[in-house]
1. Please identify every one of the trypsin sites (Lys or Arg not before Pro) in segment 22-94 that sits in a loop by DSSP and has no more than 13 other beta carbons within 10 Å of its own beta carbon.
2. Can you give the helix-only mean residue ellipticity at 222 nm for the chain, where every DSSP H stretch with n ≥ 4 adds -39500 (n - 2.57) and the sum goes over all residues, rounded to the nearest 500 deg cm²/dmol?
3. Which one, 20, 33, 80, has the greatest fluctuation when you compute a Gaussian network model over the chain with C-alpha springs under 10 angstrom?
4. In whole percent, how big is the carbon plus sulfur part of the accessible area of the chain, probe 1.4 Å, protein atoms only?
5. Name the residues whose placed amide hydrogens come within less than 5 Å of the amide hydrogen of residue 71, ignoring near sequence neighbours (fewer than 5 apart) on the same chain.
6. Got a sec? Charge dipole of the chain, +1 on Cβ for Lys and Arg, -1 for Asp and Glu; which of 30, 11, 65 is way out at the positive end?
7. Before I look further, what does the chain give for accessible area per residue, probe 1.4 Å, in whole square angstrom?
8. Equivalent ellipsoid semi-axes for the chain, as square roots of 5 times the alpha carbon gyration tensor eigenvalues: give them largest first, rounded to whole Å.
Amino acid sequence: PDGETALSLAYLATPDLVLLDFDMPGLDGIETLSELRRLPRGSDARVLVISGTASEKERWRFAVLGVTDFLRKPTAPEDLVATVSKLLRLQSTP
């Protein structure tokens with residue numbers, strides 16, 4: 001529901017895949033991802049940003065943090081499934 005909760009879970013087990021919004025209560029998506037990247041293996045996590053409010057400036061900031069996959073809200077369920085499937089395939093590729 002928010003960046004602080006996501007990070008508290010990531011401290012317990014660094015995720016392999018993160019679905020992230022830019023506009024969240026508390027920490028925004030960029031702040032959350034910046035902190036996640038500092039964790040052990042945090043730079044290995046694949047990230048999909050799903051946002052209706054991220055401007056080109058925010059997309060650039062996400063790109064600096066290693067994000068290449070974006071979906072705009074509202075997102076069709078089949079687009080979300082296809083993108084997550086692609087990311088999971090890339091994740092399993094050595």
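1. Counting only loop positions with at most 13 other Cβ atoms within 10 Å, the trypsin sites (Lys or Arg not before Pro) in segment 22-94 are 38, 41.
2. -14000 deg cm²/dmol
3. Taking springs between Cα atoms under 10 Å, the residue moving most is 80.
4. Roughly 58 percent, rounded to a whole number.
5. Residues meeting the criterion, in which the H sits 1.01 Å from N, are 49, 50, 51.
6. 65
7. Value for the chain: 61 Å² per residue.
8. 18, 17, 12
The values are calculated or read from the model by the stated rules, or taken from the named source; none is laboratory data. Values in this document were obtained by computation on a predicted structure and should not be read as measured data. We place every Cβ from the backbone using ideal geometry, glycine too, and count neighbours over all the protein chains shown. When the accessible area is computed, the model is the full protein with side chains, heavy atoms only, and any ligands, DNA or RNA have been set aside. Shrake-Rupley method; radii C 1.70, N 1.55, O 1.52, S 1.80 Å.
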